[in-house]
Amino acid sequence: MSTTPQHDVRMTGFISRKSFREVREFIQQSVLPGPSEAVSVRSANHRVLAEDVVSSVNVPYFNRSAMDGYACHAEETSGATDYSPLYFNLIGEALPGQPFDGKMGRNEVVKIMTGGEIPSGANAVMMAEYTQHEGKQIRFTLQVAPGKNIMRTGEDIGIGDVVLERGRRLRPQDLGVLASVHQAKVKVVKSPTVAIIPTGNELVEPDSEAADTRIVDSNSYLLQALVELYGGLPTFKGIQGDDYETIKAAIQSSEEDIIVLSGGTSVGEEDYAPQVVHELGKLDIHGVSMKPGSPFGMGRIGEQIVCLLPGSPVAAFVTGDAFLGSIIRRRLGQDVGFAYRKVRGKLDQKIVSSIGRTEFVRVQIQPDFTISKLRVSGASILTSTTRADGFLIVDEEKEGYPEGAEVDVYAYD
């Protein structure tokens, strides 16, 4: 194949720009879930389920006590008070894993601990704090209703219940539920592998000596963390210079599911990445009507997805969140979206934007959910992302929001 650039837009401007919404819809439709694998439930935290989990057992699978106390006949406790206690004969005990072997008769009770199996004949458990042990008798000072303090068979989970649904990102409590239905292993979507390739002749590692014309590579660090946040497995491929053949070789040597380049993605003299992707595969998107992050690009080389992110760290962070994160989510079988919770608040000042582009606005969230636009001296100030509590998105069809408007904000925490 010829090495002559076939999609050279350097110094000529973008051929066309997609809207933010169009790019997200393209990712939703074109990126399919990856293969699945079975893993131990112990190692499944934060993994995404590849299929529904259906219980084959009841939880609990026997009637058990929800309290420490005494298993009893509820009807026999009627009228018991502090001033008029009732007395019952203690005939045994039921401990977790050590049930009472027998059947309760009239005026009989069995000492029982939380989790113990309810003895035959009992239909309630009296809490220990309303009883007193007197010899072989137990004094009750409260009446109890039938079924009180008993967890019935299948009350939590029944046979055939869908315990957790496909596409769910597993949390610690989910692992506990999986174990409770005897799932030692669970089928999850394989985490996509992601190659991270920063480009630029000016880039150096953080441990390099400071120089007037050099810039520390911060993008690979923030992108690696973003990939991990969204559930991918990042691999740093090293800084690559602004050279057509160098960038091409870096891409061709990457075997990961997703290839991410930062820098060299726009229309400058040394922005070769779009040409390389066009030559090796297909460049589906180049240029997005958004701020920051307009030089975003996306394409495919064979089965690999290629993501072109701007060199500006703020723009790389925003597009990484909005698009790379969504690509990883789709590979995991989830819908496009963000990794952050959404909160609603009221603006303490107006926000002005331009119709025709989607704008990401960094904000601070006050304790009373007042939303304040972060004051920054420039769009590329990276520390603005650390001072921000989150961001809001101004749609391309809006000119902004007036003071006092209620808005949805994605909170970084």
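The values are calculated or read from the model by the stated rules, or taken from the named source; none is laboratory data. Worth saying up front: this structure is predicted, and the values here are computed from it rather than measured. When we count neighbours, we look across all protein chains shown, and the Cβ atoms used for this are built from the backbone with ideal geometry, even at glycine.
Being at pLDDT 95 or above and either closer than 21 Å to ILE215 by Cβ or surrounded by fewer than 18 Cβ atoms within 10 Å (Cβ to Cβ) (or both) is a property that ALA250 has. Scanning the stretch 161-195 for residues that are assigned to a loop (DSSP other than H, G, I, E, B) and at negative phi yields ASP161, GLU165, ARG166, ARG168, LEU170, ARG171, VAL181, GLN183, ALA184, LYS190, SER191, PRO192. Among the residues making up the stretch 77-93, a single one is of a type in the set (Asp, Glu) and either in a helix (DSSP H, G or I) or free of Cβ contacts under 8 Å to residues at least 24 places away in the same chain (or both): GLU93. Considering the stretch 15-50, the residues that are aliphatic (A, V, I, L, M) and crowded, with 17+ Cβ neighbours inside 10 Å include one that is nearest to ALA339 (Cα to Cα), namely VAL48. None of ARG344, ARG357, ARG331 is over 24 Å from the mean Cα position of the chain (by Cα) and in contact (Cβ under 8 Å) with a residue 12 or more places away in the chain except ARG357.
Taking (1) crowded, with 19+ Cβ neighbours inside 10 Å; (2) at pLDDT 95 or above; (3) in contact with a helix residue (DSSP H, G or I) (Cβ under 8 Å, 6 or more places away or on another chain) in turn, GLY311 satisfies each apart from (2). In the stretch 153-160 there is at least one residue matching the filter, namely being of a type in the set (Val, Ile, Thr), farther than 18 Å from PHE88 by Cα and surrounded by fewer than 18 Cβ atoms within 10 Å (Cβ to Cβ).
The set of residues in the stretch 264-320 being without any contact (Cβ under 8 Å) to a residue 60 or more places away in the chain and assigned to a strand (DSSP E or B) consists of LYS282, GLY297, GLY299, ARG300, ILE301, GLN304, VAL306, CYS307, LEU308.
Residue count for the stretch 107-127, restricted to those that are crowded, with 23+ Cβ neighbours inside 10 Å and under 12 Å from GLU93 (Cβ atoms): 5. Strands (runs of 3 or more DSSP E) fully within the stretch 114-159 that include at least 1 residues being over 28 Å from SER180 (Cβ atoms) and in contact with a strand residue (DSSP E or B) (Cβ under 6 Å, 6 or more places away or on another chain): 131-134, 137-140.
Checked across the stretch 220-230, the condition of being surrounded by fewer than 20 Cβ atoms within 10 Å (Cβ to Cβ) and farther than 20 Å from ILE327 by Cβ holds for no residue. Per the conditions (1) assigned to a strand (DSSP E or B); (2) hydrophobic (A, V, I, L, M, F, W, C); (3) without any contact (Cβ under 8 Å) to a residue 40 or more places away in the chain, the sole criterion not satisfied by ALA249 is (1).
Scanning the stretch 59-76 for residues that are touching a strand residue (DSSP E or B) at 6+ places or on another chain (Cβ under 7 Å) and either over 20 Å from LYS185 (Cβ atoms) or not in a strand (DSSP E or B) (or both) turns up PRO60, PHE62, ASN63, ARG64, SER65, ALA66, MET67, GLY69, TYR70, ALA71, CYS72, ALA74. For the stretch 384-394, indicate whether the set of residues that are part of a helix (DSSP H, G or I) and closer than 23 Å to GLY297 by Cα is non-empty. For the stretch 384-394, residues part of a helix (DSSP H, G or I) and closer than 23 Å to GLY297 by Cα: present. Suppose we filter SER354, SER384 for residues that are within 17 Å of ASP321 (Cβ to Cβ), among the small types (Gly, Ala, Ser) and either modelled with pLDDT under 95 or exposed (fewer than 14 other Cβ atoms within 10 Å of the Cβ) (or both); which single one remains? On inspection, the qualifying residue turns out to be SER384.
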